[in-house]
Each structure stands twice: as structure tokens, then as C-alpha cells.
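One structure is given here, and the rest of the page talks about it.
Every number here is computed from the coordinates shown, using simple stated rules; none is lab data. Keep in mind that this is a model prediction, so the values were computed, not measured. No Cβ is skipped: glycine too gets one built from the backbone with ideal geometry, and neighbour counts run over all protein chains shown.
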Amino acid sequence: MRVLTAVIAIAVGLMVLLGYFFAEFVGIQTLLLNWAVILAGVASLVGIFNLIAVHTDKVRRAEKGGVYSALLVIALVATFVFGLILQPQHQIMQVLLNGIILPVEATLMGLLTITLLYAAIRLLRRRADVMSVFFIITAVLIFLGSATLPTGDVPVIGTLIRPWVSQIWALGGARGILIGVALGTLVTGLRVLFGIDRPYGGK
Amino acid sequence: MIFAQSENILAQPPSRGGQDDDVPSWLAGLQNESAPEKDELMDWARDVSEPQQPLKEEPPVFTPSQEDTPDWLKQMSAEAESKSQQVSSQPASDSQFDADTPDWLKQMSANAEPVEAKTPQDAPELNIDTPDWLSTLGGADDNTSSVEPAVFTESNVPEREAESLPPMDMPDWLKSSSEVEEEKPSQDTTTPLWLKPQVQSQEPELPAWLSSAEETVYPDQTKEEPAAQDDLLGDVPDWLKAAAPEKTIFDSQDELKSEVDASGGTDWFSAIQPSGETEVESNIEPEKVDPFASMPAFTPESQTDESLEGLFTEMPDWLSSASEQPSTSTPTPITNEDVLPSSNLPSWVEAMRPSDSGFSQLTSSASDQTLESRGALAGLHGVLPAVPGFTPTSKPKAYSLKLNASAEQLRHAGILEDILSAETSPVPIESFSTLLSSRALRWTLSFLMLAVVFSTVFLRTQIFSMPIGRPSEVSSVIQIAQSIPENAQLLVAFDYEPARAGEMEAAATPLFDNLLLLKHPRLTFISTNETGSVLAERFISGPLAVHNYQSGVTYSNLGYLPGGQLAIRAFAQNPSVISPFDILGQAAWTSPTLQGVTSLNQFTAMILITDNADAARVWVEQTQGLRGDIPFIVISSAQAAPMIQPYYDSGQVTGIVPGLYGGAIFEQHNAGRPGTARNYWDAYSIGMLIAMALLLSGGLWNLILGLREKREEK
Amino acid sequence: MQISLDLITGVLSFLFTLLILSYLIGDNPLFRIAIYLFVGITAGYVASVIWWQVLTPRLFSPTIPALFAGSMIERVIIIVPWLGAVFILMKISPRLSKIASITMAFLVGAGAAVIIAGALIGTIIPQVSATINFFDLNVAIARNINVAEVIGNGTIVLVGVVTTLSYFHFGARPQANGNPRRFVLIELFAFIGKIFIGITLGVIFAGVYAAALTAFIERISSLINFFGNF
């Protein structure tokens, strides 16, 4: 099985990769990627099934918080059944999205405002090094530069410093991070293609 | 626990002058010390003392009533009872004894009888401390006691007296023992080797690792000679059975019986006697003190590679190496030739052989008259020694490890101790004042933000100016929006979470409102986020509802594409194959929206609405080279914009609308149409200013506090 | 009907917003109920989306026509994803989960190729080129930008890129005392890189805060609008 999975991974990877550089492989690349799209969808469903299984198990074992798990499972199954019957774009399903999913997520996101502020205020007490100091100074400048006054942009900071910091200084760091991430991604992909890493369960 | 207590009982000082002669001396100690704590022991002791009247009938050790006896004692007494039934029911009947006794035992008793005949003069003190019942024990008891003296009884029988026993009456190996003692009188002992580990094993306060080591060893021992041991026990006298490893002592009665019954006439033990007569004397060599020698696990014989391996399988390396060291430093116990090689003997028998290593453990001052009154050792003196320094049986093990550990091993042990102490040491809890202040700060922040946002939104204030300056990335978008032709085909990718719907809609609405109003583009929606396609529907039927766009006519929603990068690449490569239908199940690419479009670069422009910098990166990467020269606009959340900026700088992204700030700028160029950004802007500006003020002041304050704390720490 | 659905949406939205905001007081059962319901509904919703927008159009619908009316190639093309789907469903059973690794290998192999090409073509080459092009004076003149400004900004960006990358370089050599230590130049670059990373993270932090603040404003606004509308 190990060899088989490794062969599949490497062969598929090579064919998809060749599709980037040779027109002859574009067809096979599209076919393989189309299959991958379908299989990714199935994998997502399996993930959701796993969520059901975990919480059903919690309910069955009457673990602490089992009531919440029961709520979760009931809500999940009910929504799925309604979705199967009505389709996701149906108005009733839109009610679920606009009445529950969106408000909950957005409110959680809103609560992050206070948490972020609190954490930033206390940062320098815990860690007062060069990076933290520049972090706080930059954040203060961007806050000030992003706001406006009744008369318009905050002079100098809003019109000069903020764009300069965010478009030049931050650009250097962001580009460095992006290139670093890309290099890491490249190496990771190559290790998979060479069969050194087998995250699919081969090793 | 019970064993430990009984062990302590046995360790009590011998009889006192004032005590009744009928009461064994050890019982006095028992009553004095254990009575208040252990009623069980009291009862037990009472029961033991009661049978002194019917001594002639039965050995008193086995008389305790079954109801009052603890289970373990019942088991032991039952075991012993069976022996006594065999041996003592015809107390001094030599004839019957002869009939039932195996030959080798007869031989032993024959050897023993003269000893008994001569012992009276040797053991007047013994008789003082000996209960009557013991003196009434004839025949069989004599048999046991006759074999034992040199090995087990040390007590207060003077060595001289023991030595005065005629040599011909003693087994040869015993003789050799006494000779060794003669040579090394200071290395006297009261305990056989095998008994010490047994006593130690009963110690309840053993460290877990140590006890586990013992557990590991015993099976190995039995594994070495399992059959031999079982067979041997069949013919071995009862007292000797008790001398067998711990397991045998606690075996059930049935098991023992079956063993006895099943045992054949193994001659190995009798064979030892004659052979030993010639050789053993010279075999016994004085041994150096070995802290491990007293433990069966560390007897030389058990220290084979295999057993050691089994012993240390569950021990850390440093510990196993620590225990290896003493074993290597231990002098080989018996180097001379044995007639019966030690490897052929069971380990416990080997351990039982007189050896200086055992004797040397104890000082010559040890003199114990403790009389065993129960179990297989009943009637024997000083079998379990009461030497004061001997009682804390768990100590020697720890002591020996410390002694034999090298510096490196000690260092490792130190590290382990540090780790353990770090694990177990209490985590200092933040002081109350710190907790209070942090909670107060959190509450203050919550209240402040809620109050500010609520008041500004509720009052619909428009005090603060919209941003005036136009960053280049936003200016680019404005230019593109103006340059897009009428009725253009735009591809719009929705890749944001519902959490950011408020921000993304506020940022995207001005651009789309402007486009839909002025250019009437045909829109194609695609999403690589599960909720993206539904959010697209929400967007078109919410903020853009005034434009009355119709699915399948002016826009097509191709739905959700799972697979992330894979899906984006596949879609960019061949969109009509990957997403042939819209969410209504209609063929999308033949609809008016997508007529004439077969590939990505045939769209007029691509607009990505995302809250995720990674999503933007993936769209940029996977459409690179396939989107041709079409403009690529990213409407991003404020949080993703900094990481998309490099792609704008490199020209891969044509323009960016960063969050509410970008939306507010764009809104000012939207033909004066009001938008969401304006409604939010005052609250947004005040929120940013508050954040700036709090971060500056709070940051400075905490910086000072942090520096002060560091200075105090130093 | 439309109005009533809007009302339901508004009530639900108001209710759930309050339940989540109750977390400001502290963790409580109402907050938990809201969270568990949210997770369940979202998962169910996503499952239905996958069913209708992925599996139905790409797998279920084409199967019957392909099997009964399609060519051999079309049959193979539709059977393979079915096989893959069956394999991946084996993941549910612990005993058969190994079979799922075939499909996972397929996905991982394809994904690896995609990320390799994407990183190389989409990020590394263009970004390195852009860093170099920052010093392109012709571009600066064409965009009517001061040369000194171009060189100055280009230098900042270049230094930022190099030092940030240096910061993530963890190669070190053992010293005489056995402790590993980075090359001196790398140490220096990494120190400067810290400054750039601090600045970048500061900008990102401000962006995250701005996004969160906008969401907060939107939620408060929806609460107020709910009372205003009804």
C-alpha cells in the first residue's frame, strides 16, 4: 500500500506539474484537477460526518457538555436535511445564513476588537524588545493615519507617514515573508513529489 | 501494609524479663506497639496465643479461628495446616513419619536427630523464649528445626554453640558455612539471602520504579527454571517451600496440594547432599558486600543478560546503566567449582546457600530470638531478623543506587528530578491585584468601545471627514472602473467568510454600485469558500438590489469550488469544463452572461473579494499566465491588504480596495451616492483614535512597568 | 411571507448577536448554546452546499448518461471519481481507513504540484523581479517619480526583503563552547529583519483591528436597525 500510494502521489503530481509547462499535458491536468475537485468535496463531507460522529459519541457517553453536542448534531442534521430538500439558495436557508451564521461570526469577530486592544496594550509589559517596540509604534501610526478628523486626514501622518510605512517599509517585510513562505511551500511540495514526505499515510 | 506491620512486629526486641513465659516474646512487642492501631493484629495475636493449651494436639500456629483471621492469614494458615496435618497430627510417631516421608527426608531427619539430641545443652535460652507448644513438637518439627539451625536460627544462640555442633551431624554445605563463619566471625548474619528481598518486597513504601523492577524480575526467574521449581517444591519440606520465592508462599492451598501431589521423586535435592559433602566447603568464598546481592533480582545468577534486559526494559537508560555498574563491580560470588553448578540450581536455592554476601549485610551484634508463630516459618527463631538497622527495608535500595551512581548518572538523575519538580511544583498564580487590574481593563475597554460605537451609530453622526487622500492602489481601481466598457463580462470571485460580510460589502458596494449603474456589466460569480456563493447571492440581492440583476440573465453564480488551489488552477485552466453549471443547475456557459467566454482571459476584468491574504495569493499564483492582460482587482479586508500589497507593487494585482477605508474613498467617487461606509465612518474613526490613544498611553505605561519589574527581578 | 421571513431573520440575528455579546460578561451557557448551534447549522449548511453545488453537478448528474450512453473514456472518467469517493469514504471505518490513503495520495500529489508551480511562477519569480525593478529608473521617469525617491524606497524594500529572509535563516555553527551561533552577518541582518517584521506585523495588526472594528460596528448597527425597523 505504501508503494502504491507513493506511486500515485508522484505520478499525479508530475502530470499536473507538467501541465503548467507543456500544452500537451493541459488536458490531463484538467482531468486530474477536476477529479481532485470532486474528491475534495467528498473529503469535506467525510469531515462533516466525522464531526457528527464525535459529537454523537459525546452524547452517547453522556459526557460533560453532551447537551451542547446534542444541540449541535440536531442542528446539523436538520440544516442538512432542509438544505437537501430546499437547496442552499432557498429563502429559508438564507434565513439561517443571515439570521444565525452571519451574526454569530460577525459578533465573534467584533469581540476581537476588545481582545486585540487589550493584548496590544499589555504587550510591552511582557515583551519589550525591538520587534515589539516597532510593532506598537507602527500600529499607533497606522491607527492614527487611518482615522480622519472632522477637517480631513490627520496631517502628515495620514497623508505621508501612513502611506510610506504601509507601502514601503511594510512592503519590504511583507515581501520577505511572502518569498519565505513560497520557498517553504516549494520545498514542501518537492519533498512530497520526491516521496520524502508522505502525508497521505505512507510513512 | 499488613505484611509491613507484621514485619515490624517481628522486628520488636526479644522477650522481656517480666513477661509470662507462655507468651512469646514477640507477642509482647506486638501488644505494646501495634495494639492501638491494628485490632486485626490483636485478634490475630490473641488467637495465636490461645492455642497454647492444646499444644499437644496441634501446633499452635495453625489454630487461629477462621472467622477472626484475616484472609491472608487464613491462606497461610491453611497452607500450614495442610503441612501440619501431614506432619504434626502424629506428633512424634517416627514410624508413621518414616512411612510418609520421602527417602531424602528420612535421610535428613536421620541426620537431624543427633543434632536434636545434642542441642539441649546448646539452647537453654532458646527454650526460655520458646513457647511450650514448640517444645511439644516432636518428630516432624524436630525434623525441620534440625535442618535449619545453621541456616535460619541465629537468634541468641551463640555462635560458639553453633560451632560446637558435631560436624558429622550437619549437612556439608552447612558445615562449610560454619567454617566460613569461623573465618569471618564479623560477617555474621541472621537472614538468608532469599529472605531479605522477600521482606523488602513486602515493604509498602517502595518507590514505584523499584517495585516495578522487582515485578519484572520475578517472572524472569520463574521463566528460567519454571519446571524445576514446581517439581522441586513437591519434594521439598514445607519449611523449604516457604523459602521459595514469594509467589510460592502465597499460592493457594489447592495449588500447593496439586503441586505436592504431582511432584515426582526428583532426586536433585538429595543429590546435592552427598555431592556437596566433598566440594562445597571449598566453594564458599567470602564475598564482598554487594548492595544488590540481597535481592533476588540482583543475585549473581539472576544477573544474566536476559534477566537484566527484562529488568530494565521499563527503566530509563540512565537508571539501567546505574544498576549495571554495581553488578559489574560485584565480585563473582562463587568462583570455585561446584559439584552441582550454580546454573543448575534454582535461583532461590542458590541464594539460600550460605554465602558471606548475605552474612556480611548484618552485624555480628544481631541477635534475635523472635519466634515465628505462623506460616511456614512457624516455630523458627530469628528467621526474620529484628536487627534494628535492618527494618527500613526500602532504604537500602535507594542507598545502593545512590552509592553506585556515577557523576553522570547523578547528573541525569538531577535532571529528572528537576523535570519532575517542575511538573509538580505549583504554578504561581497571578496576584489578585494583577487579575483585578486586567479584568478591570477588559471591562473598561468593553464599555468604552460599546459606548462609542453605539452612540455614534445610533446618533448617525457624520462629524468626521471621509478620507481624502487616495492611495495609488485605490486610484488604480477607480481608473479601471472608469475604463471598463459597457456590458463587459466580469468574473467576480467571492472568497470571504460571513464574519467579514459587513466589511466586505461596505468595501465592495461602492465599486459595484458604480459599475452596475454606469457600465451594466454581466457578472459571473465563483467561490472557493463554502458560503461564498450564498454570500454572492446576498450581495446581489442586498446592497445591489436596486439594480435588479437577474440570475442567468445578467449574472451567473457558478457556485462553490472545493479544493482550494487545485480548484482555482483547474478553473483558471478550463473554466467551462470545471464549472459547467450555475447554482440553479442551468448550463452557465451558454447563458447570456457568459456568451463568448471560454477561458479566463476572455473576461474583461477579474475582481476578487476576499478577507484572506492566502486566498488572494492563491488566486494570483494560480491564474498567473492564464488571465492574460485583464485587470485584476482585489477588494480585500483591511487585515489582508498588507500582504496583498507586494502583488500590487509587482503588477500582478492591478488595484486594491482595502476594507472600509478603501470603500470610503471609493464611495466619494461614486457619483455622490451614499453608502454604508459613510454610516460607519464616524464610529470607525473614533474607534481608531481610541485604539491609538490607548495603545500609546497603555503601551508606555506597561513598558515602564515591565522595565521596572525587570529591574526588580535583577 | 417575505416580511415574515425578514422578521424571523431580524429576530434571530438580534438574538444571536446578544447571545454572543454576552461573552463580554464571561463564558456562559447561553453563549455556548449559540456557538454549538452555529457550528451545527454551518456544518449542515456547508454539507448541503457541497451536495448541491459539487457532487450533484459533477458526480451524480453525469454518471447515468456516461455509463449508459457514453464512450469507454467517458465511463472511465466518471468511474474514477466514484472509486476515489468510495475509497475516501472508507476513512469512516477505522479498519478500512488505509484504503482512503489512495485517494489522499492522489489529492496530495496534485496539491504538491500545484503549490510548487504556483509558488515558483506566481510568487518567487515575480516578487524577486519586482524587488529588482524597484531600481528601474526608466520606470520611475516614466511615472514621473523622483530618482532619489525611487532609489531610497527601493533600498528600503530590498533591505527589508533580504533582512526578513535572513531572520528566518536558522542555520548555525557550533562555537568553541558548543553553543550554536549564526554567522555574524546573518545575525546583523536578522536584527534589522526584526525591525521590518515588527513594522509589517504592526501594519497587519492595525488591519486586523480595523476589520474587527468594522464587524463590531456592523453588528451594533444591525441591532439598532432591528429596533428601528420594527
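Taking the Cα atoms of region A:1-86 alone, what are Rg (to one decimal) and Dmax (as a whole number) in Å?
Just the Cα atoms of region A:1-86 yield Rg and Dmax of 20.1, 58 Å.
Going by alpha carbons, how many degrees (0 to 90, nearest 10) lie between the helix axis of C:29-50 and the longest principal axis of chain C?
80
Compute the longest continuous run of chain A that contains no exposed chymotrypsin sites (Phe, Trp or Tyr not before Pro); treat a site as exposed when its DSSP state is not H, G, I, E or B and it has at most 15 other Cβ atoms within 10 Å.
A:23-193
To the nearest 500 deg cm²/dmol, what mean residue ellipticity at 222 nm is calculated for chain A from DSSP H runs of n ≥ 4 alone, each contributing -39,500 (n - 2.57), summed and divided by the residues?
-25500 deg cm²/dmol
In the P(r) worked out for chain C, what percent of Cα pairs fall beyond 21 Å? Let's see the in-between values first.
Numbers: 21090 of 26335 pairs.
That tail contains 80 percent of the Cα-Cα pairs.
Amide H of A:Leu149: which non-local residues (sequence gap of 5 or more, or other chain) have their own amide H closer than 5 Å, using H built in the peptide plane?
A:Val154, B:Ser465
What shape does region C:134-230 have by the C-alpha gyration tensor, where a ≥ b ≥ c are the square roots of the eigenvalues, rounded means a/c under 1.5, and otherwise prolate means a/b greater than b/c and oblate the rest?
It is oblate, given that a/c is not under 1.5 and a/b is not larger than b/c.
Give me a comma-separated list of calculated 3J(HN,Hα) values for region B:449-454, in order, Karplus coefficients 6.51, -1.76, 1.60 applied at θ = phi - 60°, integers in Hz, x for any Gly or Pro.
Each residue's phi maps through the Karplus curve to give 5, 4, 5, 5, 5, 4 Hz.
Can you list residues from other chains, or at least 5 along the same chain, whose modelled amide H is less than 5 Å from the amide H of B:Asn557?
B:Phe525, B:Gly552, B:Ile583
Let me know the shape class of region B:472-678, please: from the alpha-carbon gyration tensor, a ≥ b ≥ c as square roots of the eigenvalues, rounded when a/c is under 1.5, otherwise prolate if a/b is greater than b/c, or oblate.
rounded
Using amide H atoms built in the peptide plane, which far-off residues or other-chain residues are under 5 Å from C:Phe183 H to H?
C:Arg173
Under the Karplus relation 6.51 cos²θ - 1.76 cosθ + 1.60, θ = phi - 60°, what is the ordered set of whole-Hz ³J(HN,Hα) values for region B:458-464, x standing for Gly and Pro?
Residue by residue, region B:458-464 yields 5, 7, 6, 5, 9, 7, 7 Hz.
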